[in-house]
Amino acid sequence: MPADHPVIGQVNLKASIRSQVGAESQPSDGTACTYPVSQSQTSYLQVSQVGALLIVTERKKYTAEFKQRAVDLVIDSGRPIAQVCVDIGVNEGTLGNWVRKYRQEHPEAFADDKPESVTYAEHQRVLKENAKLKQEVEFLSEVSSFFAAKQQS
């Protein structure tokens, strides 16, 4: 058995994967390759070689319809992405990417989410009111300090 391929039990993992999926030889530079697991092309084996280790993980590929339904579920329900991803069995980062992409591609759907701007006059009125309230708080603080000092003497 070749020494450059990891062996699990008596099975050469690299040869086993090639024979199961009909894949070509794995690159030895540490890059990852994906091989279809079934004819549906919805799930892949991702094979990465890191030094002498050969790491095999399953990578799912979702249909456009599934992605759209997941995004609609997040947007229409108002539920957080973290909660929806648990319900539908998708990684939180993956679902977040789908939602972000949808929002970028459909900005008109989220135009109402922007806060309304206030007029200059309204802004000035609020600033004056804020300044007046600050003066009142400062005055009341001085008065309370005066009476507290008077009570101690």
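Here are some notes:
- The combined condition, being in contact with a Leu (Cβ under 9 Å, 6 or more places away or on another chain), surrounded by 10 or more Cβ atoms within 10 Å (Cβ to Cβ) and of a type in the set (A, V, I, L, M), is fulfilled by Val84.
- Flag for Gln104 being loosely packed, with under 10 Cβ neighbours inside 10 Å, out of contact with any helix residue (DSSP H, G or I) (no Cβ under 6 Å at 6 or more places or on another chain) and closer than 25 Å to Lys61 by Cβ: yes
- Members of region 77-86 found to be farther than 19 Å from Lys101 by Cβ and either at pLDDT 90 or above or acidic (Asp, Glu) (or both), listed by number: Gln83
- For region 69-93, filtered to residues that are touching a residue at least 24 places away in the same chain (Cβ under 8 Å) and of a type in the set (Val, Ile, Thr), the residue that is nearest to Arg59 (Cα to Cα) is Val90.
- Members of region 60-99 found to be assigned to a loop (DSSP other than H, G, I, E, B) and under 25 Å from Val47 (Cβ atoms), listed by number: Lys61, Tyr62, Thr63, Gly89, Val90, Asn91
- Considering residues of region 46-76 that are surrounded by fewer than 11 Cβ atoms within 10 Å (Cβ to Cβ) and more than 16 Å from Thr94 (Cβ to Cβ) only, the residue modelled with the highest pLDDT: Asp76
The values are calculated or read from the model by the stated rules, or taken from the named source; none is laboratory data. Since this is a predicted model, take the numbers as computed values, not measurements. Ideal geometry is used to build each Cβ from the backbone, glycine not excepted, and the neighbour counts take in all protein chains shown.
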